[in-house]
Amino acid sequence: MADLTLTKTRIYEGNWEGILTIAADTAYSPEIEVTYLEKAVPGVMLRPDDEGYAIRVPIPVAALSDGVQTFLIRDLKTGETLESFAIITGEPLEHDIRAEVDLLRAELDMLKRAFRRHCVETA
């Protein structure tokens, strides 16, 4: 099994980009598959680069919809998942996250007050 490391570099112009590095002492030609909703994403580019291999994954327009859309990047030869990324869109989701943060803040404030009260009572 090859020692592969996949590092995201950026998302730019609708493409997820990264660098795949292979251990120096390994002779290995990678075969990569990217899946979305358990189907292969077409148009994935893998080309040799100074640092290893540059990977470009086009993000399908269909993935730009409300909710969380998850992509898996796998090495086909080993079946190992090298990386995953998610696209999160939609105002309802944004509102839910803000509501959750507000609830967490309120609970934290309540715990701080209870802890302070406990410290005063036991001192």
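Key figures for this structure:
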{"quantity": "Yes/no for THR89 being polar (S, T, N, Q) and either free of Cβ contacts under 8 Å to residues at least 60 places away in the same chain or touching a Gly at 6+ places or on another chain (Cβ under 9 Å) (or both)", "calculated": "yes"}
{"quantity": "Criterion: aliphatic (A, V, I, L, M) and under 27 Å from ILE88 (Cα atoms) - qualifying residue of ALA40, ALA23", "calculated": "ALA40"}
{"quantity": "Count of segment 36-61 residues which are on the phi > 0 side of the Ramachandran plot, assigned to a loop (DSSP other than H, G, I, E, B) and buried (at least 16 other Cβ atoms within 10 Å of the Cβ)", "calculated": "0"}
{"quantity": "Subset of segment 23-35 [open to solvent by 30 Å² or more (accessible area, probe 1.4 Å) and either at pLDDT below 85 or out of contact with any strand residue (DSSP E or B) (no Cβ under 6 Å at 6 or more places or on another chain) (or both)]", "calculated": "ALA24, ASP25, THR26, ALA27, TYR28, SER29, GLU31"}
{"quantity": "Scope segment 62-98; condition part of a strand (DSSP E or B), under 14 Å from SER29 (Cα atoms) and open to solvent by 50 Å² or more (accessible area, probe 1.4 Å); matching residues", "calculated": "ARG74"}
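The values are calculated or read from the model by the stated rules, or taken from the named source; none is laboratory data. For clarity, every value in this text was computed on a predicted model and none was experimentally measured. Counting neighbours? That spans all protein chains shown, and the Cβs are built from the backbone with ideal geometry, glycine included. Heavy atoms of the whole protein, side chains included, go into the accessibility calculation; ligands, DNA and RNA do not. Shrake-Rupley method; radii C 1.70, N 1.55, O 1.52, S 1.80 Å.
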